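Here the structure is laid out as structure tokens; the discussion comes afterwards.
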Amino acid sequence: MVANQIEIETGSLLVNLKCPECGTLHNAGIINTVCINESCKSTLFARYNLNTGIKKSILLGRPATMWRYKEFLPVIDEKNIVTLGEGFTPIIPIENLENVTSGNEVFWKDESGNPTGSFKARGISAAVSKAKELGIEAIATPTAGNAGGALAAYAARADMKAVVYMPKLTPKVFKDECRLYGAEVVEVDGNISDCGRLVNEQSIINNWFQVSTLKEPYRLEGKKTMGYEIAEQYNWQLPDVILYPTGGGTGLIGIWKAFDELEQLGWIDSKRPRMVAVQSESCDGIVKAFKDGKYTSEFADGGFTIANGLRVPKPYADKVILRVLRESKGDALTISDAEMSAALKEIARNEGMLIAPEGAALWQAFKKLKASLWIQPGEKVLMINTGSGYKYLENIEV
């Protein structure tokens, strides 16, 4: 065998896939979507052998990307990793709004520096890499914007066909981005759920593999690396509260999964942050379900919101999102477009960060939770800014 053809294993500790609802195990060596149990059809979680005594010292000297955690990611052969340098984004303290944060240490984890400008790069890097390893040649997804751009970029990198279904109301920059990367873009007169239905139909007809949010197992694995990074960047002592903008909820679920894996590894203790899901008033099904003590959410779509990523009428993994909020003793809030716009401008003018409206929603949520004393003095708070505000300029009145 020629030297450059030698397979180099990542050292991945992947064992199998497990359904969190019914417990059915699935073979990770073949193509999977959701649980094969017809009464379940839940998102599948990748499981790893975490009882090997592996130490944190393995991270020393590794590249500052999400693939520094390759043992806990699903790709077996390094030649299948499709990367553009995603991950290990900075944690930035609030400095000039201390009149608001007084009594608390408040930070952003700023995902806007990822390839294609958002946290979607993490999940798509993992999903496309595993798709490549499994021999998939064409991939498709419904998107509110950022996921489509990421999919188009990583598919181009992997030399795969990409098809993106996107609501017509999505800002033009997202559509142009996908087309520039060579993806086929289908504009839909409706919301992301309408896009999802069309992707389902056309994927069967055209033999495309869907990488829809939480309808395949590996986008979750990429997103969970935010949790690994949070632990490492805070020197393995987690913050007290994490606020997360919740559309499909992959990142919230992934971060929680990461903390569980890190505890099994012995890298952190059992202390957990309280997780807060923040939604738009336009699509607030998770908030209503949480407040009403329900275990699943209702379809909710009030139409356009400046935070495209929050217009998800019914997240596929709503049961898991609600479970995380309950387990963490967390909370859920809705924020209006007017509040998001005001927050975006306040952060830009005082902190020099042009964050996505989804991230801006968190700033308003923080202020409300602090005013109600749900966030206590002395607590350390982390907000996840999921993307760059530059892509949303046509949605924002300056």
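The values are calculated or read from the model by the stated rules, or taken from the named source; none is laboratory data. From a predicted model like this one, the values you see are computed outputs, not experimental measurements. Cβ sites come from the backbone with ideal geometry, for glycine too, and all protein chains shown count toward neighbours. Heavy atoms of the whole protein, side chains included, go into the accessibility calculation; ligands, DNA and RNA do not. Shrake-Rupley method; radii C 1.70, N 1.55, O 1.52, S 1.80 Å.
When we screen S112, S39, S57 for residues that are open to solvent by 30 Å² or more (accessible area, probe 1.4 Å), part of a helix (DSSP H, G or I) and more than 26 Å from N385 (Cα to Cα), the only hit is S57. Looking at G302, is it part of a loop (DSSP other than H, G, I, E, B), of a type outside the set (S, T, Y) and at positive phi? Here the answer is no, as G302 does not meet what is asked.
Residue-by-condition table, conditions (1) surrounded by fewer than 19 Cβ atoms within 10 Å (Cβ to Cβ); (2) small (G, A, S); (3) under 27 Å from G29 (Cβ atoms); (4) modelled with pLDDT of 95 or more:
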position: R179; (1), (2), (3), (4): yes, no, no, yes
position: V186; (1), (2), (3), (4): yes, no, no, yes
position: K223; (1), (2), (3), (4): no, no, yes, yes
position: G227; (1), (2), (3), (4): no, yes, yes, yes
position: N235; (1), (2), (3), (4): yes, no, no, yes
position: T246; (1), (2), (3), (4): no, no, no, yes
position: L262; (1), (2), (3), (4): no, no, yes, yes
position: G266; (1), (2), (3), (4): yes, yes, no, yes
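Within the stretch 312-327, identify whether any single residue is open to solvent by less than 60 Å² (accessible area, probe 1.4 Å) and under 25 Å from G113 (Cβ atoms), and answer yes or no. So far as the stretch 312-327 goes, yes, one or more of its residues are open to solvent by less than 60 Å² (accessible area, probe 1.4 Å) and under 25 Å from G113 (Cβ atoms). Restricting the stretch 118-143 to residues that are within 13 Å of the chain's Cα centre (by Cα) and among the aliphatic types (A, V, I, L, M), the residue that is surrounded by the most Cβ atoms within 10 Å (Cβ to Cβ) is I124. For the residues L369, L373, L362, the requirement of being free of Cβ contacts under 8 Å to residues at least 24 places away in the same chain and either open to solvent by less than 20 Å² (accessible area, probe 1.4 Å) or in a loop (DSSP other than H, G, I, E, B) (or both) singles out L373.
Looking only at residues in the stretch 291-311 that are closer than 17 Å to S212 by Cα and touching a helix residue (DSSP H, G or I) at 6+ places or on another chain (Cβ under 7 Å), the one that is least open to solvent (accessible area, probe 1.4 Å) is L310.
Could you tell me whether the stretch 343-353 includes any residue that is in a loop (DSSP other than H, G, I, E, B) and over 23 Å from the mean Cα position of the chain (by Cα)?
Initially, the stretch 343-353 is screened for residues in a loop (DSSP other than H, G, I, E, B), giving 352-353.
Adding the requirement that they be over 23 Å from the mean Cα position of the chain (by Cα) leaves 352.
Checking the stretch 343-353: at least one residue is in a loop (DSSP other than H, G, I, E, B) and over 23 Å from the mean Cα position of the chain (by Cα).
Has the stretch 282-290 got any residue that is open to solvent by 10 Å² or more (accessible area, probe 1.4 Å) and either in a loop (DSSP other than H, G, I, E, B) or acidic (D, E) (or both)? Yes, the conditions are met somewhere in the stretch 282-290.
Going by the conditions given, is L344 over 23 Å from P93 (Cα atoms), aliphatic (A, V, I, L, M) and crowded, with 23+ Cβ neighbours inside 10 Å? Spell out the reasoning first.
Details: over 23 Å from P93 (Cα atoms): no; aliphatic (A, V, I, L, M): yes; crowded, with 23+ Cβ neighbours inside 10 Å: yes.
For L344, the condition - over 23 Å from P93 (Cα atoms), aliphatic (A, V, I, L, M) and crowded, with 23+ Cβ neighbours inside 10 Å - is not met.
So which residues in the stretch 283-319 are among the hydroxyl-bearing types (S, T, Y) and at pLDDT below 95, if there are any at all? Once the filter is applied, which keeps residues that are among the hydroxyl-bearing types (S, T, Y) and at pLDDT below 95, the stretch 283-319 yields T305, Y316. Does the stretch 202-211 include one or more residues that are surrounded by fewer than 24 Cβ atoms within 10 Å (Cβ to Cβ) and within 30 Å of E281 (Cα to Cα)? Looking for residues that are surrounded by fewer than 24 Cβ atoms within 10 Å (Cβ to Cβ) and within 30 Å of E281 (Cα to Cα), one finds at least one in the stretch 202-211, hence yes. Residues that are surrounded by fewer than 17 Cβ atoms within 10 Å (Cβ to Cβ) and of a type in the set (S, T, N, Q): does the stretch 78-93 have at least one? No, the conditions are met nowhere in the stretch 78-93.
Matching residues to (1) within 18 Å of V128 (Cβ to Cβ); (2) of a type in the set (K, R):
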residue	(1), (2)
D159	yes, no
K172	no, yes
V186	no, no
N191	no, no
C195	no, no
L198	no, no
Q202	no, no
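Here are the criteria: (1) of a type in the set (F, W, Y); (2) farther than 16 Å from I124 by Cβ; (3) without any contact (Cβ under 8 Å) to a residue 40 or more places away in the chain. Tell me which single one Y165 does not satisfy. Here Y165 clears every test but (2).
In this structure, does S118 turn out to be closer than 27 Å to F299 by Cα, at pLDDT 95 or above, in contact with an Asp or Glu (Cβ under 9 Å, 6 or more places away or on another chain) and not aromatic (F, W, Y)?
On the way: closer than 27 Å to F299 by Cα: yes; at pLDDT 95 or above: yes; in contact with an Asp or Glu (Cβ under 9 Å, 6 or more places away or on another chain): yes; not aromatic (F, W, Y): yes.
Yes.
Only one entry of G123, G85, G61 meets the criterion of being small (G, A, S), in contact with a Gly (Cβ under 7 Å, 6 or more places away or on another chain) and either free of Cβ contacts under 8 Å to residues at least 40 places away in the same chain or under 14 Å from K224 (Cβ atoms) (or both), and that entry is G123. Taking the stated definitions as given, is L333 in contact with a strand residue (DSSP E or B) (Cβ under 9 Å, 6 or more places away or on another chain), open to solvent by 10 Å² or more (accessible area, probe 1.4 Å) and within 18 Å of E281 (Cβ to Cβ)? Taking the combined requirement at face value, the residue satisfies it.
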